[in-house]
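Read the structure below first, then the notes.
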Amino acid sequence: MAQSIGDKKARKECSRVMRWTAPVPGHRLISRCHFSLIVLIVAILSGCASLPPGSDFPKNASSALAHPEETRLGRQFEKAAREHDGNSGFRIIPVGADGFLIRMQMINAAERTLDLQYFIFRGDETGRLLTNAVLHAADRGVRVRVLVDDGETVAGDEQIAALEAHPSVEIRFFNPFAYRGHMTMFRAIEFMFNASRLDYRMHNKLLVVDNAIALIGGRNLGDQYFQIAPESQFADDDVFAAGPIAKQLSTTFDEYWNSALSIPAAALSGEKSSHAALSEHREELKEESKQLKADGIDYVKRVATGEPFNGMLSGRLPLIWAHAQLICDSPDKKKVESGAMVGQLMHRAVANATIAVKTELLMVTPYLIPGREGMQLFKDLRQRNVRIRVLTSSLESSTVLLAQSGYMHYRVPLLENGVELYEVRSLLGNSRGSGQTAAISRYGNYSLHAKLFVFDRQKLFIGSMNFDQRSMHLNTEMGLIIDSPALAQQVAARFEAMVQPVNSYMLVLRPNDAGRPPSLVWRTQEDGKAVEYETEPARSDWQRMKVNIYSLLPLDNEL
């Protein structure tokens, strides 16, 4: 059954390609190519523009629901917040499949408003099930706003734009490309001539229902992010949030939604999506939403049970009530960094919380490219004897070799400074703490995607920010610093599980003779026995060769 997801994807993609190409006469195909080239040329000629195409398109400003207490969820959590001294309620969602279930169930519970803000919204099976749930919410009269970044879209992801024809739905794209197709070459050419704008991406992940409850963290929307696709699993975390913090999160959504960089879908297509297209899409979604199975688990049936969402509403799965600080970059982060305008830079808040650590810092980040400022931060902590332990990607588990190549330069200096480094394995020996089942882990395609900091096991950061230069300076990010020993210790326990030798490589330095620099050794456990690798573990010699070639490029500031 696990294989059926890939098979179904292939069939759908094939039929989608046939639908776009087979019926089109030759002259119309040529016309489409000409049109794409014209768009690309216009994009290149306007490469110096600071605003994206469609920025002059008329759009209405809007804001979050003013009176969430008029909804069932708003009333429940307003009362609960009063009973907990005005704090907010939180529950971490570490299991990938639960991340999918709770999103579906939150969307199904919406009464008045639904806001989604994501870096990636895939048009795969879970993505289309979520789209169908959003469409049903709109049918109930819920006002829907969807804001998606345009940097990582692939063929099929444009399916969400069909919902624009619904009177209750608005779709906007953050800092879009002018070229709307999916030919990599065309996108690369446009990027090359307009890199200063297109290199700036919105990496935020947020779902808010009725301005009363929210889900925030590192997960994008797609099969691999929910850890149910055999070919790829991205382990990540969300935190469910209710109470006063939900209104603060809505405020940040409104700021991005009304930004000049957020462009209506109609401005890019030239016209609003047609009702005919929506009707066709609705029928496709209806047929596809009947089942989603992976490794024998029927996820559509699990959505219908209402769990885990109902458990959190009833108190059977209790929330932890605590104070939290929302930290978020301004939509115009580039201008804020350059001093051209006043705004927010969240990496400063994370750095301040980090430098305040007294005894121990735990960090989970898939991309570790600290740069000069990050290395100085680590050095300052180590001079105060703070223990620093970091879990990041191994070469064999990495899905972004460019980022891995940047990280390679920092391993020896980090270890020499006393930072403890662990690299997650792609084939886990124990799935405890991994966010997925042992059955899905056996495919050996585990990758890290979570972004977590634990400060002295008293506070934690959870959000979208990696500890790399791109998150610090090129992407917009958001997250929460939650003042909760209980939540911090939950994350710390999972950290301890994932750095066990059966699940990760511990990096150590081995001294060499004759004044040569120390060499790296990877220690792990296989078949119950301790193992050491002097050559970096990789999926193939070709993968190892590619990352070594990439490591010669001066790209740290882009990674």
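Between N108 and E420, the contour length at 0.36 nm per residue exceeds the alpha carbon distance by 108.0 nm. Per the Kirkwood formula on distinct C-alpha pairs, the Rh of the range 465-535 is how many angstrom? Taking the inverse mean of 1/r over all distinct Cα pairs, the range 465-535 comes out at 15.8 Å. Peptides 171-180, 70-79, 356-365 ordered by packing proxy, namely the average of other Cβ atoms within 10 Å per residue, highest first: 171-180, 356-365, 70-79.
Taking every DSSP bridge with both residues inside the chain, close to 65 percent are antiparallel. Straight Cα distances below 13 angstrom link K247 to the aspartates and glutamates E69, E78, D115, D210, E255, with same-chain residues fewer than 8 positions distant left out. Solvent-free Debye calculation, one equal scatterer per alpha-carbon of the range 319-428: log10 I(q)/I(0) at 0.10, 0.14, 0.17, 0.20 Å⁻¹ equals -0.38, -0.73, -0.99, -1.15. Among the protein heavy atoms of the chain, carbon and sulfur supply 56% of the accessible surface, probe 1.4 Å, non-protein parts ignored. The mean accessible area for residues of the chain, using a 1.4 Å probe and ignoring ligands and nucleic acids, is 42 Å² per residue. Within the set [x] 134, 59, 45; [y] 93, 56, 48; [z] 73, 62, 55, the number that Cα extents along the principal axes in Å takes when calculated for this structure is listed as [z]. Each listed q (0.18 Å⁻¹) maps to a log10 I(q)/I(0) for the range 172-258, found by the Debye formula over equal Cα scatterers with no solvent: -0.97. Annotation: extensible slack from E231 through V521 equals 101.5 nm (criterion: 0.36 nm per residue apart, minus Cα-Cα distance). Take the Cβ atoms of L555 and Q383, set R0 to 25 Å, and the FRET efficiency comes out at 0.25.
Packing, as the average of other Cβ atoms within 10 Å across residues, places the peptides 215-222, 298-305, 550-557 in the order 215-222, 298-305, 550-557, highest first. Here the extension length gained between V400 and A514 equals 37.5 nm, from 0.36 nm per residue of separation less the Cα-Cα distance. The largest accessible area among S274, S62 belongs to the first residue in S274, S62, and the rest follow in falling order (1.4 Å probe, all chains). Within straight-line reach of K451, meaning a Cα separation under 12 Å, sit the following aspartates and glutamates at least 8 residues removed in sequence or on another chain: D236, D237, D238, D468, E477. Per-residue ellipticity at 222 nm, computed for the chain from helices alone with -39500 (n - 2.57) per DSSP H run of at least four residues, works out to -11500 deg cm²/dmol. Histogrammed with a bin width of 10 Å, the alpha carbon distances of the range 385-496 distribute as 12, 38, 41, 9, 0 percent, first bin at zero.
When each of the peptides 530-540, 115-125 is scored by the mean number of other C-beta atoms lying within 10 Å of its residues, the order from highest to lowest reads 115-125, 530-540.
Within the range 120-224, the ratio Rg/Rh, alpha carbon atoms throughout and Rh by Kirkwood, equals 0.98. Placing dummy labels 7 Å off each Cα toward the beta-carbon, the span from N310 to H409 is 5.4 nm.
May I ask you to derive the FRET efficiency for L427 and A61 from their Cβ-Cβ distance with R0 = 56 Å, giving the value to the nearest 0.05? Here the calculated transfer efficiency is 0.65.
Straight-line reach from K358: taking Cα to Cα under 18 Å and skipping same-chain neighbours fewer than 8 places apart, the aspartates and glutamates in range are D380, E420, D456, D483. Computed over the range 43-191, the range of Cα coordinates on each principal axis works out to 59, 34, 31 Å, biggest value leading. Annotation: average projected area of the range 426-486 is 5.5 square nanometres, based on the convex hull of Cα atoms across all directions. Across the range 403-459, the mean sequence separation of Cα contacts (distance under 8 Å, 6 or more residues apart), normalised by length, yields a relative contact order of 27 percent. Normalising the Debye intensity of the range 499-559 to I(0), with uniform scatterers on Cα atoms only, and taking log10 at q = 0.19 Å⁻¹ returns -0.93. Applying 1/(1 + (r/R0)^6) with r as the Cβ-Cβ distance of V342 and S196 and R0 = 35 angstrom yields a FRET efficiency of 0.95.
For the range 195-203, the Karplus equation 6.51 cos²θ - 1.76 cosθ + 1.60, evaluated at θ = phi - 60°, returns couplings of 5, 4, 8, 6, 6, 9, 10, 9, 9 Hz by residue, with Gly and Pro reported as x.
Using Cα-Cα distances under 8 Å and only pairs 6 or more residues apart, what relative contact order does the chain have, in percent? Answer for the chain is 16 percent.
The values are calculated or read from the model by the stated rules, or taken from the named source; none is laboratory data. Quick caveat: nothing in here was measured; it's all calculated off a predicted structure. Don't worry about glycine lacking a Cβ; one is built from the backbone with ideal geometry, like all the others, and counts go over all protein chains shown. Accessible surface areas use protein heavy atoms only, side chains included; no ligands, DNA or RNA. Shrake-Rupley method; radii C 1.70, N 1.55, O 1.52, S 1.80 Å.
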